[in-house]
Amino acid sequence: MLRELHEELGIPADYGASHGLPRFDEPDELVEVGLNLVGRMQRLTPLAASRWQEMSAAAAADGVRLLLVSGFRSVDYQARLIRKKLNAGQT
């Protein structure tokens, strides 16, 4: 599946390996952790969600408000984002 998707999107077959990127399976469970900057609900794995909440609480105790920019993206969602950019003429 990924090989065909990478080919469709113009991603070199060796992109992950050549950049030292690990491959991860999509998680079985995700937890909603709040809205991002544009009001879209973000989801994280349970461990990441727990750590995000701890970090946010610690920052708030110091008077700092952390803003969530992005969370988990499925392969399908990321592919839609790439297609949208390609269709708009972006590389």
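The values are calculated or read from the model by the stated rules, or taken from the named source; none is laboratory data. A quick note: this is a predicted structure, and the numbers were derived from the prediction, not measured. Here the Cβ positions follow ideal geometry from the backbone for every residue, glycine too, while neighbour counts run over all protein chains shown. We work out accessible area using only protein heavy atoms, side chains counted, and drop any ligands, DNA or RNA first. Shrake-Rupley method; radii C 1.70, N 1.55, O 1.52, S 1.80 Å.
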Exercise. Whole-Hz Karplus ³J(HN,Hα) for the range 75-86, in order, using 6.51 cos²θ - 1.76 cosθ + 1.60 and θ = phi - 60°, x for Gly and Pro?
Worked result: 4, 4, 5, 5, 5, 4, 4, 5, 4, 4, 5, 5
Problem set entry | Among (1) 15.6, 49; (2) 16.6, 55; (3) 16.4, 48, the entry derived from the coordinates for Rg and Dmax of the Cα atoms in Å | (3)
Problem set entry | Extension reserve of the Ile82-Phe24 stretch, reckoned as 0.36 nm per residue once the Cα distance is removed | 19.0 nm
Exercise. Using the Karplus equation 6.51 cos²θ - 1.76 cosθ + 1.60 (θ = phi - 60°), what ³J(HN,Hα) coupling, rounded to whole Hz, does each residue of the range 25-38 give in order, writing x for Gly and Pro?
Worked result: 6, 5, x, 7, 9, 10, 10, 6, 10, x, 7, 8, 4, 9
Seminar exercise, completed: Packing-ranked peptide list from 58-64, 77-83, highest mean Cβ count within 10 angstrom first, is 77-83, 58-64
Problem set entry | the chain, relative contact order in percent, only Cα pairs under 8 angstrom and at least six apart counted | 22 percent
Seminar exercise, completed: Note to self: with every protein chain in place and a 1.4 Å probe, the chain gives an accessible area per residue in Å² of 80 Å²
